[in-house]
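Just below is one structure, and these are the notes that go with it.
The values are calculated or read from the model by the stated rules, or taken from the named source; none is laboratory data. Note that the structure is predicted; figures quoted are calculated from it, not measured. Positions of Cβ are generated from backbone atoms using ideal geometry, with glycine treated the same way; all protein chains shown enter the neighbour counts.
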């Protein structure tokens, strides 16, 4: 197998199709050699002794705070309903449940400012069609967690990217450039799948720079894929953090087989952002 290396920082990675960019600085990786190795070596100057992407004690505090603030029980209510539906072959975007999924998101997403400053009614009409068009690919990705993000086919992820992103575009058309308002993709997908952060402005400002989150409100698919890939790498190195998130899911939702890693990370940084804002 080929090795790819970042020309800027020296990060090495087995040349997998889905790993084209350095997770530390976003530089496109260069292929340099053939190898049979199956591990990667972080660059020597990168601090790999971080206690994962989050602090355990602070997460527990943030989670308690979020539960108090989520007065409408939006995420937890939706997630419990999803877990109840997805016990076998059924899923929340199949023909039997898609209408109820849309009804719930139609109530939730305006409260979560997913389509601000545009007309939510128009955006939601586009979303309704998108949920139907992405039903098959949702069924393909729904059982993958953030820990397995690199195993998901690019084509499936890109379909989801375009279908959700176009809800905030003129006349619901796909963007020719592939750039979309990031929250138009990630806020509904966080409810549907649970494995992406919502990346609103508060969260983007609080995620450590090491994770390479763009400051812009519009991202392309590769931006999002690269950032989630970086979170995946951090979680894989942080067994204690994964255990904490699994325990939280088991306590809150009664299962650790489907854990909303993305939403847990998002609430952590969102609460941090709220705290920083109040401290100003």
Surrounded by 15 or more Cβ atoms within 10 Å (Cβ to Cβ) and either modelled with pLDDT of 95 or more or in the same structural domain as residue 84 (by TED's automatic domain parsing) (or both), is that true of residue 250?
no
Condition (residue is crowded, with 17+ Cβ neighbours inside 10 Å and at positive phi) applied to the range 208-227: is it met by at least one residue?
yes
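Residue by residue, here is whether (1) surrounded by 14 or more Cβ atoms within 10 Å (Cβ to Cβ); (2) at pLDDT below 95; (3) touching a strand residue (DSSP E or B) at 6+ places or on another chain (Cβ under 8 Å); (4) not assigned by TED's automatic domain parsing to the domain that holds residue 223 holds:
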| position | (1), (2), (3), (4) |
| --- | --- |
| 87 | no, yes, no, no |
| 136 | no, no, no, no |
| 145 | yes, no, no, no |
| 158 | yes, no, no, no |
| 161 | yes, no, yes, no |
Which of the residues that make up the range 82-106 are in contact with a helix residue (DSSP H, G or I) (Cβ under 7 Å, 6 or more places away or on another chain) and assigned to a helix (DSSP H, G or I)?
83, 98, 101, 102, 104, 105, 106
Taking into account only those residues within the range 174-207 that are assigned to a loop (DSSP other than H, G, I, E, B) and within 12 Å of the chain's Cα centre (by Cα), which is surrounded by the most Cβ atoms within 10 Å (Cβ to Cβ)?
197
Among residues of the range 150-169, those that are part of a helix (DSSP H, G or I) and more than 12 Å from residue 180 (Cβ to Cβ), counted:
7
Which of the helices (runs of 4 or more DSSP H) found entirely inside the range 208-280 contain at least 2 residues meeting this: under 22 Å from residue 183 (Cβ atoms)?
221-236, 261-279
Test: residue in the range 164-177 that is at pLDDT 95 or above, in the same structural domain as residue 234 (by TED's automatic domain parsing), within 24 Å of residue 245 (Cβ to Cβ) and in contact with a strand residue (DSSP E or B) (Cβ under 6 Å, 6 or more places away or on another chain)
no
Per-region count, the range 107-130, residues in a helix (DSSP H, G or I), within 20 Å of the chain's Cα centre (by Cα) and without any contact (Cβ under 8 Å) to a residue 60 or more places away in the chain:
3
